[in-house]
Amino acid sequence: MATQRETLRLLCKSIITRLENHKAISFPPRLRQIVQDEVFGLIGPFVLTDEDLRERTLAKIGAKAEILQDSAFTESDQYRSAKAIVRSSFGTDELNGFYFQRPPKFVANEIVQYLMRSSHIDDVYETDEDLEQQIVELVKKFNPAELH
């Protein structure tokens with residue numbers, strides 16, 4: 001199953017839900033969507049998906065995505081070559097269809113820093129290190145195929 005930006009949004013939701021359920025953070029329930037959206041906006045640039053890979057590959061070969069979406073597009077030699085070039089520009093950390101442009105620990109640290117400074121978060125009950133560890137663990141175990 002190819003990962004999409006929406007799958008990354010679900011990962012962000014899982015992280016926030018897990019931290020909240022484990023009493024690591026607290027915030028008003030009415031702000032849940034805002035917190036999830038802000039985490040998605042924060043880590044989005046650091047985590048790419050199969051969808052991003054495909055879009056960049058099509059852009060690389062100059063194909064129009066609209067035309068190809070309507071056809072039974074097969075991977076031509078040109079597409080495979082372009083895909084390999086684009087893929088090599090992605091980060092080396094690939095995990096469950098996510099391509100981390102920075103190591104997962106860096107991404108987890110960005111989330112922790114957000115949690116510490118966000119006006120939407122009432123309290124953080126864990127140390128930075130514990131939060132990072134929980135987030136990295138969740139990212140490693142996250143399986144988009146199990147969401148359906």
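The values are calculated or read from the model by the stated rules, or taken from the named source; none is laboratory data. Because the structure is predicted, anything quoted here is derived from the model rather than measured. Virtual Cβ from ideal backbone geometry, glycine too; neighbours counted across all protein chains shown. Surface areas here come from the heavy atoms of the whole protein model, side chains and all, with no ligands, DNA or RNA. Shrake-Rupley method; radii C 1.70, N 1.55, O 1.52, S 1.80 Å.
Count of the stretch 21-32 residues, restricted to those that are open to solvent by 40 Å² or more (accessible area, probe 1.4 Å) and closer than 19 Å to V112 by Cβ, is 4.
Summed over the stretch 103-119, the residues that are in a loop (DSSP other than H, G, I, E, B), out of contact with any strand residue (DSSP E or B) (no Cβ under 8 Å at 6 or more places or on another chain) and surrounded by 14 or more Cβ atoms within 10 Å (Cβ to Cβ) give a count of 1. Cβ-Cβ contacts under 7 Å between residues 6 or more apart (or on different chains), taken from a first residue in the stretch 125-145 that is open to solvent by 70 Å² or more (accessible area, probe 1.4 Å) to a second residue that is small (G, A, S) and modelled with pLDDT under 95, are absent. Return yes when S14 is touching a residue at least 60 places away in the same chain (Cβ under 8 Å) and either more than 21 Å from the chain's Cα centre (by Cα) or surrounded by fewer than 15 Cβ atoms within 10 Å (Cβ to Cβ) (or both) and no when it is not. The answer is no for S14.
Can you find a residue that is over 18 Å from R117 (Cα atoms), part of a helix (DSSP H, G or I), open to solvent by 40 Å² or more (accessible area, probe 1.4 Å) and at pLDDT 85 or above anywhere in the stretch 33-45? Yes, the conditions are met somewhere in the stretch 33-45.
In the stretch 46-66, the qualifying residues are those that are in contact with a Ser or Thr (Cβ under 7 Å, 6 or more places away or on another chain) and charged (D, E, K, R), and the one that is least open to solvent (accessible area, probe 1.4 Å) is D50.
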